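Below is one structure; the comments refer to it alone.
The values are calculated or read from the model by the stated rules, or taken from the named source; none is laboratory data. Predicted, not measured: the structure shown is a model, and the values here were computed from it. Positions of Cβ are generated from backbone atoms using ideal geometry, with glycine treated the same way; all protein chains shown enter the neighbour counts. Keep in mind that these areas ignore ligands, DNA and RNA; they rest on the heavy atoms of the full protein, side chains included. Shrake-Rupley method; radii C 1.70, N 1.55, O 1.52, S 1.80 Å.
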Amino acid sequence: MNEDVVEDNPARMADLAERLAAVQRRIEAAVQDSGRAGERPTLIVVTKFHPAADIRRLAALGVRDVGENRDQEASSKAAELAGLGLNWHFVGQLQSKKAKSVAKYAHALHSVDRLALVDGLERAMAVEQERTGRGALECFIQVSLDDDAGAHRGGAAAAEVPLLAERLAAAAGLELAGVMAVAPLGTGPAAAFEKLAAISTRLVAEHPGATAISAGMSQDLEAAIRFGATHLRIGSDILGSRPDVG
């Protein structure tokens, strides 16, 4: 923990530390159980609806990757916390008109699901890289694991992944990182993540660098790790209910 941080709510800091440690123990156990020792996934703490003060506390506890799913909230927090050296991951559905905003603060976008969004992101990154010299935006293709693609939890159909991947790989300022998915409602996560792992394998055969798999939330991180998740998106088990005060 960074002892230089002045904490005005020690009880909240202690709660976050305890919750974060518990999730880290779960991750470590799942890594060991899956035989992936030495391949610890990146933990992205999804901080939507929680105040910037909580993100400061998490940063003091060693968290470097945070996720948001609304651009207005994400851009505001990123500006306020610019000095903390955080990696901001946008994990929600993104309107193409928001590409310009996301290009200003995001390290990674986990929800690329259509060609029009790739076009918007490429244009936005050209402007932002010219203005600031920032690095490429890591992009995950969000894949729907529902039978009726995109109807429930978002994402492109599996059959659309190759075309999206080709477009992302060719786009200046964008880096094809891999795939992302949310386990469908009402079904076991293991089967869903096994399906995502197979989609990832086919993608890597054509794009060897696109090895990342963004999968797993509070309720199903163990299954995600078992099937190769490299990035976990954990919110409620670390942050709990939204506090009344920052």
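For the stretch 119-246, the spherically averaged projection of the C-alpha convex hull amounts to 9.9 nm².
Accessible area per residue (1.4 Å probe, heavy atoms of protein chains only) ranks Asp147, Asp33 as Asp147, Asp33, with the largest value leading.
Ignoring lysines fewer than eight residues from Lys100 along the same chain, the ones with Cα atoms less than 25 angstrom from its Cα are Lys48, Lys77. Each stretch of four or more DSSP H residues adds -39500 (n - 2.57); spread over every residue of the chain, this sum gives -13500 deg cm²/dmol at 222 nm. Remark on the stretch 111-180: ratio of C-alpha radius of gyration to 2.2 N^0.38 Å is 1.15. When the alpha carbon coordinates of the stretch 22-97 are projected onto the principal axes, the ranges are 42, 30, 19 Å, largest first. Taking R0 as 35 Å, what FRET efficiency do you get between Lys104 and Thr211 from their Cβ-Cβ distance, rounded to the nearest 0.05? My answer for the efficiency is 0.80.
Heavy-atom accessible area for Ile238, with the other protein chains in place and a 1.4 Å probe, reaches approximately 0 Å². Restricting the stretch 38-116 to GluC sites (Glu not before Pro) that sit in a DSSP loop and have at most 13 other Cβ atoms within 10 Å of their own Cβ leaves Glu39. A straight chain from Glu80 to Thr201 at 0.36 nm per residue would run longer than the Cα-Cα distance by 39.7 nm.
Projected label points at Gln32 and Glu175, each 7 Å from Cα along the beta carbon direction, are separated by 3.2 nanometres.
Label-to-label distance for Ala17 and Lys97 is 4.6 nm, based on points extended 7 Å past Cα in the beta-carbon direction.
Quick note on the stretch 68-113: its Rg to Rh ratio, both from C-alpha atoms and Rh being the Kirkwood radius, is 0.93.
Rg/Rh, computed from the Cα trace of the chain with Rh as the Kirkwood radius, has the value 0.96.
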